[in-house]
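The values are calculated or read from the model by the stated rules, or taken from the named source; none is laboratory data. Note that the structure is a prediction, hence the values are computed from the model and not measured. Methodologically, a virtual Cβ is constructed for each residue, glycine included, from the backbone with ideal geometry; neighbour enumeration extends over all protein chains shown.
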Amino acid sequence: MQGVNPLAKNRTVRAVDVLTPRSLDEAIALKAEQPEAWPIQGGTDVMVALNFDHGRPPALLNLNEVPELRGWSRENGSLRLGSGLTYMEIERGELREILPALAEASRTVGSPQIRNRGTIGGNLGTASPAGDALPPLLVEAAEVECTSVRGVRRLALGEFVTGVKRTALAPDELITAVWLVPSRAPQTFMKIGPRNAMVIAVVSLAVSAGDELRASFGSAAPRPVLVTAARDDASTFAERVAEAAAPIDDVRGTAAYRRHALRVLTERALERTLAA
Amino acid sequence: MIVRLRVNGEEHEADCWEGESLLFALREKLPFPGSKNACEQGECGSCSVLLDGTLVCACLVLAAQADGHEVTTVEGLAGPGEAGADALHPVQQAFVDAGAVQCGFCTPGLVVATVDLLARSSSPSDDEIREALSGNLCRCTGYAKIFDAVRAAAAAAAGGGG
């Protein structure tokens with residue numbers, strides 16, 4: 001591998017700062033001062049990059065001590081999910097009943113060790129097409145709250161993710177929460193991979209069957225895609241979902257397999273959700 | 001930077017590079033080499049520790065994030081036994097008795113993960129065991145004897161010891 005020789009005599013080791021704010025106000029002030037700082041919460045993506053020297057930021061903004069980012073709450077009929085909410089908290093708590101597809105998706109992430117640390121804010125910030133929280137959040141029409149010293153704004157999830165691992169987050173902004181109004185519609189999440197843990201999705205799918213059918217898939221398009229149809233059009237929905245995908249051939253699977261899998265998964269998801 | 005944390009009930013200080021992991025700090029800066037480093041990316045679980053009582057991979061925790069917090073490593077499980085000798089934790093003993101230790105590299109992580117499981121679930125089903133240990137890989141045993149050990153440890157804990 002071409003790279004840096006750690007034994008080279010002229011190699012400089014770049015310093016890294018750790019900034020540990022104790023409040024959201026302090027956190028956004030620090031991010032405004034050091035926009036190049038990498039926010040780190042669960043660390044399940046950032047630490048891999050650090051451990052393998054895939055990046056050396058000038059600073060790490062440790063969000064573990066910022067209480068405003070944790071937990072979730074009800075606000076006037078909406079749900080506010082803190083960006084620091086972990087997959088395990090979603091999987092095991094009351095959110096299982098309110099957001100069952102997100103809870104199912106959370107349970108498919110990594111391992112217990114990963115789920116105890118990984119957060120939905122991190123999933124949004126990384127914005128991988130394979131992110132497991134993204135399809136169930138998109139199906140529930142989630143909005144991403146971004147906060148900076150300049151103020152607070154919300155973006156629809158579909159607008160927040162702008163490309164593969166790219167978001168509309170400004171350099172001085174932090175992802176602080178996800179907002180949604182729970183549909184309470186029958187919903188489900190499925191994921192395909194070589195084993196049933198520690199898997200990055202070959203393809204994944206969230207479906208809800210309320211007044212309309214809503215579907216969103218992972219690992220089959222560069223950005224989150226929402227497919228909708230009337231309930232009466234259920235018989236053609238699987239084909240519509242497959243056609244809306246833009247999968248590629250990569251190390252985990254072929255485009256043809258992913259498209260085929262989405263047809264099958266959509267049919268299964270409709271069996272589950274229309275019967276409910 | 002100096003990281004101050006409690007490990008296995010005692011206060012410690014570690015002089016850490018800001019970007020290093022808790023695993024590196026435990027093994028290289030502190031006297032706790034029990035947690036192992038095999039993948040350094042959260043895939044193998046050999047670095048599993050409890051952070052404030054929660055099961056995590058130490059390789060994915062920034063050492064600085066553990067400042068002011070409490071870590072339990074495999075070294076913190078065994079207690080003083082009779083006549084000053086260290087007794088193994090019941091889960092460790094179960095692994096030994098079941099023949100679930102071959103090279104032993106995965107064992108610390110598996111023991112910590114099992115301790116976490118049994119703290120939450122006194123009679124776990126096979127599926128619960130499988131899911132709870134899904135973050136721990138073993139290349140030697142084929143897992144059968146590990147399952148025997150976990151079931152035996154669960155039974156012993158439920159039966160109030162034997």
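At a glance:
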{"item": "The listed residue being hydrophobic (A, V, I, L, M, F, W, C) and within 17 Å of A:Asp249 (Cβ to Cβ), out of A:Val202, A:Val227", "result": "A:Val202"}
{"item": "B:Arg120 within 14 Å of chain A (Cβ to nearest Cβ) and more than 16 Å from B:Cys106 (Cα to Cα)", "result": "yes"}
{"item": "Single residue of the range A:163-195 satisfying the filter (of a type in the set (D, E, K, R) and part of a strand (DSSP E or B)) that is nearest to A:Leu213 (Cα to Cα)", "result": "A:Lys191"}
{"item": "Failed item in (1) in contact (Cβ under 8 Å) with a residue 60 or more places away in the chain; (2) surrounded by fewer than 20 Cβ atoms within 10 Å (Cβ to Cβ), with A:Ala261 passing the rest", "result": "(2)"}
{"item": "Where A:Arg92 falls short, out of the listed (1) under 21 Å from A:Val152 (Cα atoms); (2) within 10 Å of another protein chain (Cβ to nearest Cβ)", "result": "(1)"}
{"item": "Scan of the range B:1-52 for residues that are in a loop (DSSP other than H, G, I, E, B), farther than 27 Å from A:Val199 by Cβ and free of Cβ contacts under 8 Å to residues at least 60 places away in the same chain, ordered by number", "result": "B:Cys16, B:Trp17, B:Glu18, B:Gly19, B:Glu20, B:Leu30, B:Pro31, B:Phe32, B:Pro33, B:Asp52"}
{"item": "Matching residues, the range B:54-79, being within 10 Å of chain A (Cβ to nearest Cβ) and part of a loop (DSSP other than H, G, I, E, B)", "result": "B:Val61, B:Asp67, B:Gly68, B:His69"}
{"item": "Residue in the range A:48-66 that is outside the structural domain of A:Gly121 (by TED's automatic domain parsing), under 26 Å from B:Glu43 (Cα atoms), touching a helix residue (DSSP H, G or I) at 6+ places or on another chain (Cβ under 9 Å) and assigned to a helix (DSSP H, G or I) present", "result": "yes"}
{"item": "A:Leu134 vs. criteria within 27 Å of B:Ala132 (Cα to Cα), of a type in the set (A, V, I, L, M) and not assigned by TED's automatic domain parsing to the domain that holds A:Leu270", "result": "yes"}
{"item": "B:Ala100, sole failed condition from (1) in contact (Cβ under 8 Å) with a residue 24 or more places away in the chain; (2) at the interface with another protein chain (Cβ under 10 Å from one of its Cβ atoms); (3) out of contact with any Leu (no Cβ under 7 Å at 6 or more places or on another chain)", "result": "(2)"}
{"item": "Boolean, A:Gly110 is within 10 Å of chain B (Cβ to nearest Cβ), of a type in the set (Gly, Ala, Ser) and in contact (Cβ under 8 Å) with a residue 40 or more places away in the chain", "result": "yes"}
